[in-house]
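Trainee: One structure, pasted below without further comment.
The values are calculated or read from the model by the stated rules, or taken from the named source; none is laboratory data. What you see is a predicted model, and the numbers here were worked out from it, not measured in a lab. Cβ placement follows ideal geometry from the backbone for every residue including glycine, while neighbour counts extend to all protein chains displayed. Only protein heavy atoms, including side chains, enter the accessible area calculation; ligands, DNA and RNA are left aside. Shrake-Rupley method; radii C 1.70, N 1.55, O 1.52, S 1.80 Å.
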Amino acid sequence: MAQDAQRFDIVIAGGGNAALCAAISAAERGAKVLVCEAAPKGFRGGNSRHTRNLRMAHDAPTAVLTDSYAEEEYFDDLMRVTAGRTNEHLAKLAIRESKHIADWMAARGVRFQRSLGGTLSLSRTNPFFLGGGKALMNTHYLRAAELGVEVRYDTEIVGLEMKDGFCRGLELRARGFKDYVETRAFIAAAGGFQANLEWLEEAWGPAARNFKIRGTPYAKGGLLKLLLAHGAAQIGEPDQCHAVAIDARAPQFDGGIATRLDCVPFAIVVNKHAQRFYDEGEDFWPKRYAIWGRLVAKQPEQIGFAVLDSRAFELFMPSIFPPEVSDTIEGLADKLSLNPAQLRATVDQFNAACAADEDVAPAVHDGRRTSGLSPDKTNWARPIAQPPYYGYPLRPGITFTYLGVGVDEAARVGMADGRPSGNIWAAGEIMAGNILGQGYLAGIGMTIGSVFGRLAGENAAKSLRN
Ligand SMILES: Cc1cc2nc3c(=O)[nH]c(=O)nc-3n(C[C@H](O)[C@H](O)[C@H](O)COP(=O)(O)OP(=O)(O)OC[C@H]3O[C@@H](n4cnc5c(N)ncnc54)[C@H](O)[C@@H]3O)c2cc1C
């Protein structure tokens, strides 16, 4: 039998928002909790440290949100982006519980700020963390420390000891050394598998070699593989993920929010043959940005180029890397390594299909569309005619994968044979595929992690009484 220092009521895998919401919830109910975070302390917090906001239903204006956002509207938005590929019961639970997250976090020291305005269009639906995800995570860790939660950094869970359907012990790789802890309950909150490039390649083929990973390099899916190998129910498809079009010059991992490009609705996007391939003005960027990673992933060599003029350049948040600039379309094509004559032809064709050369209205669907193009641009279409011209190279930036483990409304992991697991719960990206079969709604990642993190912590702690 392990020594006391190696025996816990609840062990949690992961060091992001879902793990810490679970840890705080469980410790507040008196459980002795160990958090194992694969990353070293300086990189703790997984993808969560990159976040800015979460999506929250509310019935009336709050200190940080305007107007109201009814549960039904939230659900309709989710149904639209997922095309119905969601577990409706769990989705409604997440949406209902989202109403309480901000208050729950605020009571534990997290501070929120008003949403940024402009083209983000989130001031009604998404409260922002003051200081961003890093401040959120630091506050979570502080609260966990106050509650006596033990955190081991640089500690990866690499093995589960299962007895009669219950997880009784965990094999750890702690700072490179083998270790072992006993537990009465286990919570898996170890994120997706997006940082495992080989696994991505299995799902996507060689195209995955051109993907960038926007967040933590520590989400490699090792625990997900272990759970599936021990009979947990699999949910979601291996190639479904949240993927954004990001600046092609971003680093391979952890480039974070700064590498995202918000210019697409006000630009045209072409592939390496200088040809358009999708309606750039389909919807507001927060509702569409998550499909563009996949769209670029499907183009030759997984590269795209946003092309715009000086008037459009004023309409979106500045980019971290400077754009390519030229006074002529042909000059811009040269800088982007595109065929100048082909880009000229694409721009001319687009310009001729625009109804009028009037200002676009970024805050509403302005209906300024092209006609006769394939594909048409259905909002914010205005000729690209005012030099200088700007261009950005785009790559698929993978945020997180959706393949995960099935859970029930208590956040308990289900087994492939339909029974609930004995004492394993899951929260966050590792189970987000229950709600996100495809598509994405800005801020729902943190909603899922917070709601199911709390549920997992609460229910794992309650189970200790049995
Ligand atoms: C750049 C960026 C911006 C984003 N912005 C937003 C936003 O504003 N709003 C929003 O809702 N969502 C956003 N997301 C998505 C959001 O980050 C996730 O949905 C959410 O943080 C998931 O939380 P999590 O705790 O499940 O995973 P993570 O925060 O990624 O945590 C997973 C943790 O597990 C650890 N780990 C992995 N394997 C093991 C193992 N075997 N043993 C122990 N530990 C392990 C990792 O080190 C990591 O700490 C963003 C993501 C990125 C990359």
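Trainee: Right, residue 191: under 16 Å from the mean Cα position of the chain (by Cα) and open to solvent by less than 60 Å² (accessible area, probe 1.4 Å) or not?
Mentor: Yes; evaluated as a whole, the condition is true for this residue.
Trainee: Quick check on the stretch 380-390. Is at least one of its residues among the aromatic types (Phe, Trp, Tyr) and not in a strand (DSSP E or B)?
Mentor: Within the stretch 380-390, one or more residues are among the aromatic types (Phe, Trp, Tyr) and not in a strand (DSSP E or B).
Trainee: Can residue 441 be described as open to solvent by less than 20 Å² (accessible area, probe 1.4 Å), part of a loop (DSSP other than H, G, I, E, B), in contact with a helix residue (DSSP H, G or I) (Cβ under 7 Å, 6 or more places away or on another chain) and within 16 Å of the ligand (Cβ to nearest atom)?
Mentor: So residue 441 passes the test.
Trainee: While we're on this one: Would you confirm, using the coordinates I've provided, whether residue 225 is assigned to a loop (DSSP other than H, G, I, E, B), in the same structural domain as residue 81 (by TED's automatic domain parsing) and near the ligand (Cβ under 10 Å from one of its atoms)?
Mentor: Against the criterion (assigned to a loop (DSSP other than H, G, I, E, B), in the same structural domain as residue 81 (by TED's automatic domain parsing) and near the ligand (Cβ under 10 Å from one of its atoms)), residue 225 does not qualify.
Trainee: Going through the stretch 228-250 one residue at a time, which ones are part of a loop (DSSP other than H, G, I, E, B) and free of Cβ contacts under 8 Å to residues at least 60 places away in the same chain?
Mentor: Within the stretch 228-250, 239 is the sole residue that qualifies.
Trainee: Tell me, which residue of the stretch 255-281 that is of a type in the set (D, E, K, R) and not in a loop (DSSP other than H, G, I, E, B) is farthest from residue 333 (Cα to Cα)?
Mentor: Ranking the candidates gives 260 first.
Okay, residues lined up against (1) within 22 Å of residue 134 (Cβ to Cβ); (2) more than 15 Å from the ligand (Cβ to nearest atom); (3) hydrophobic (A, V, I, L, M, F, W, C); (4) touching a His at 6+ places or on another chain (Cβ under 6 Å):
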| residue | (1), (2), (3), (4) |
| --- | --- |
| 413 | no, no, yes, no |
| 423 | no, yes, no, no |
| 445 | yes, no, no, no |
| 448 | yes, no, yes, no |
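Trainee: Just a yes or no: is a residue in the stretch 103-110 open to solvent by 10 Å² or more (accessible area, probe 1.4 Å), at negative phi, away from the ligand (no atom under 15 Å from the Cβ) and in contact with a Cys (Cβ under 9 Å, 6 or more places away or on another chain)?
Mentor: yes
Trainee: For the stretch 125-145, what are the residues that are in contact (Cβ under 8 Å) with a residue 40 or more places away in the chain and assigned to a loop (DSSP other than H, G, I, E, B)?
Mentor: Across the stretch 125-145, the qualifying residues are 125, 126, 127.
Rundown of residues vs (1) over 15 Å from residue 383 (Cα atoms); (2) of a type outside the set (Val, Ile, Thr); (3) not assigned by TED's automatic domain parsing to the domain that holds residue 246, yes/no style:
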{"residue": "286", "(1), (2), (3)": "yes, yes, no"}
{"residue": "292", "(1), (2), (3)": "yes, yes, no"}
{"residue": "301", "(1), (2), (3)": "yes, yes, no"}
{"residue": "311", "(1), (2), (3)": "no, yes, no"}
{"residue": "319", "(1), (2), (3)": "yes, yes, no"}
{"residue": "325", "(1), (2), (3)": "yes, no, no"}
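Trainee: Do we have any residue at all in the stretch 394-413 that's open to solvent by less than 20 Å² (accessible area, probe 1.4 Å) and over 30 Å from residue 228 (Cα atoms)?
Mentor: Taking every residue of the stretch 394-413 in turn, at least one turns out to be open to solvent by less than 20 Å² (accessible area, probe 1.4 Å) and over 30 Å from residue 228 (Cα atoms).
Trainee: Can you tell me which residue is most open to solvent (accessible area, probe 1.4 Å) among those in the stretch 414-436 that are closer than 21 Å to residue 196 by Cβ and of a type outside the set (A, V, I, L, M)?
Mentor: Taking the candidates together, the pick is 429.
Trainee: Consider residue 267 against the criteria (1) farther than 18 Å from residue 391 by Cα; (2) open to solvent by less than 40 Å² (accessible area, probe 1.4 Å); (3) not basic (Lys, Arg): it satisfies all of them except one. Which criterion is unmet?
Mentor: That leaves (1) as the condition not met.
Trainee: May I pose another question? Restricting the first residue to the stretch 417-439 and requiring it to be in contact (Cβ under 8 Å) with a residue 40 or more places away in the chain and polar (S, T, N, Q), which pairs with a second residue that is within 15 Å of the ligand (Cβ to nearest atom) and open to solvent by 10 Å² or more (accessible area, probe 1.4 Å) meet a Cβ separation below 6 Å and a spacing of at least six or different chains?
Mentor: So the pair list comes out as 434/235; 434/407; 438/240.
Trainee: Quick check on the stretch 368-379. Is at least one of its residues in a loop (DSSP other than H, G, I, E, B), within 12 Å of the ligand (Cβ to nearest atom) and in contact with a helix residue (DSSP H, G or I) (Cβ under 6 Å, 6 or more places away or on another chain)?
Mentor: No, there is no match, as no residue in the stretch 368-379 is in a loop (DSSP other than H, G, I, E, B), within 12 Å of the ligand (Cβ to nearest atom) and in contact with a helix residue (DSSP H, G or I) (Cβ under 6 Å, 6 or more places away or on another chain).
Trainee: Counting just the residues of the stretch 197-222 that are open to solvent by 30 Å² or more (accessible area, probe 1.4 Å) and part of a loop (DSSP other than H, G, I, E, B), which one comes out nearest to residue 39 (Cα to Cα)?
Mentor: Across the stretch 197-222, the extreme among qualifying residues is 218.
Trainee: Still on this structure: Mind listing whichever residues of the stretch 59-97 are under 19 Å from residue 452 (Cα atoms), within 16 Å of the ligand (Cβ to nearest atom) and outside any helix (DSSP H, G or I)?
Mentor: The one that is under 19 Å from residue 452 (Cα atoms), within 16 Å of the ligand (Cβ to nearest atom) and outside any helix (DSSP H, G or I): 86.
Trainee: So, in the stretch 3-49, of the ones that are near the ligand (Cβ under 9 Å from one of its atoms) and among the charged types (D, E, K, R), which residue ends up nearest to the chain's Cα centre (by Cα)?
Mentor: Checking each candidate, the answer is 49.
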